[in-house]
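The values are calculated or read from the model by the stated rules, or taken from the named source; none is laboratory data. As the structure is a computational prediction, the values presented were derived from the model and not from experiment. As a convention, Cβ positions derive from the backbone with ideal geometry for all residues, glycine included, and neighbour counts pool all protein chains shown.
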Amino acid sequence: MSYFLFKIYTNTNSDYKVAQGAIEGGAEACSLQVAQDDRPSNDGIRSKRNWYNSDYKVAQGATEGGAEACSLQVAQDDRPSKVGQWGQWICHYLILLLIGFWGLPPSWGSPIPTQMNSADRLKALEVLGLGSSMKLLSSPAPLGGYSGVEVGITSETISLEDLRRMGNRDSTLQEYNFNSISVGKGFYQNIDLFLSFTPTLQKNSLISFGGMLRWNFFNAENFPASLSFLAHSSSSNYSDLVATSTVGSDLVVSVNMEELSLYFGAGKVRAIGTFFGGKSADSSTGVTTQTGITDSGFTEHTDIIESHSIIGLMFRMDRYFLDLQIDRFTQSFYSGKIGLRF
């Protein structure tokens, strides 16, 4: 990857030098055109014919040289700035750092208490179900139709402070961090599709995946603002003790600037949770051991609908971006994403 970024930097400087040389050549050709227009007249018919033929060739060469210079001027103007080049390197190493975290054993411990009653299960669904719901974490601007693609690495944090006061209160973990991979693809008429999943190489007890459909249906003419509609769904499993699924929709307002985007929105999310129960008995001693997490010993289901608000800030550095987002339900969830658009 480092070699690839070095080649981009080298080729960019080379393009700049070629563009600069071409522009100087175009200027010289234009100077010849001016000299041609100001040449003295000749009374001889043959001499005039020769002058005209020569004039045509010089003018044609000047026009072609100027067009080529202007074309390469565009290439010069599009070359990345120093800030963009530094941003590429920073994002590159941050991505490698996040990938390195996947190989570390997560401090999952025992975050889910046992002997949970109905009130505990409701609160646990608000934490685990809504906390692992699908997040936007993308530039509000559309991906650009069929050619637009986005890939990124997401890091999310779920606070487990409330779980420590539930059930038998044997949970000691204060928060849980997990990473996921997301892929976005642009479709027709400002419609984008995003998919996200947790990689198995994290070796943690959470399996999660989700999808989101985004429709950018309004763009202001005199101000860089837009409106988008989001429809999303997700499914998660925590150590085969709790399984959650969510479905929701949001309306997002965004302000898109050259290197910065601010977006915020609101909507509704429904979460459905399955809390597994179970008991096992030792045939030799007759002692019954509870293997589930419910107080009844049976599998229980919980269903909630919560209001949802979003606020996010995105920084763009050439094709790379860094997105920070806060999702607010009954409690706040924090997440971030580093990605690449091409």
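A few remarks follow.
- Scanning the stretch 118-160 for residues that are farther than 22 Å from Ile305 by Cβ and among the polar types (S, T, N, Q), we see that the one that is surrounded by the most Cβ atoms within 10 Å (Cβ to Cβ) is Ser138.
- Residue list for the stretch 237-262, restricted to those being over 20 Å from Leu193 (Cβ atoms) and more than 20 Å from the chain's Cα centre (by Cα): Asn237, Tyr238, Ser239, Asp240, Leu241, Val242, Ala243, Thr244
- Contact map, the stretch 119-147: residues that are touching a residue at least 12 places away in the same chain (Cβ under 8 Å) and of a type outside the set (A, V, I, L, M, F, W, C) paired with residues that are crowded, with 19+ Cβ neighbours inside 10 Å and in a loop (DSSP other than H, G, I, E, B), Cβ distance under 6 Å, separation 6+ or inter-chain. Pairs shown: Asp120/Met166; Asp120/Gly167; Pro142/Asn190.
- Check on Glu150, at pLDDT 90 or above and in the same structural domain as Ser296 (by TED's automatic domain parsing): yes
- Check on Glu258, without any contact (Cβ under 8 Å) to a residue 60 or more places away in the chain and of a type in the set (Asp, Glu): yes
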